[in-house]
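Report on the following structure.
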Amino acid sequence: MAEIPIQRKEGHSLWWLWLLILIIVLAAAWYFWTRQGTTTGTTAADSTAVMAPATATPGTDSAAAGVTTTPRPDSTTPR
């Protein structure tokens, strides 16, 4: 009978681990790249809307009463 020598591999192939790490790094970079253009703070339009005086008295809801309002003339002009 012939003897068949059995030997362990010298190095383990971990290419799939490096591929997984690369995919995770690219996904994180894409996430941060797309979030760069969005803002979470208030904008100039938001701050002017907050500072405008309220026309309705507290406790009344103009939307529930069916009241419609027209936009201010200065808000409809193009910039």
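Subtract the Cα-Cα distance of R35 and I23 from 0.36 nm times their separation in residues, and report this length gain in nm to one decimal. Could the numbers behind the result be given before it?
On the way: separation 12, 0.36 × 12 = 4.32 nm, distance 1.83 nm.
The R35-I23 span can extend by a further 2.5 nm.
Counting 0.36 nm for each residue step from W16 to T68 and taking away their Cα separation leaves a gain of 12.6 nm.
Taken together, the values in this text are just the output of simple stated rules run on the coordinates, not laboratory data. Every value quoted in this text rests on a predicted model; they were computed, and no experiment measured them.
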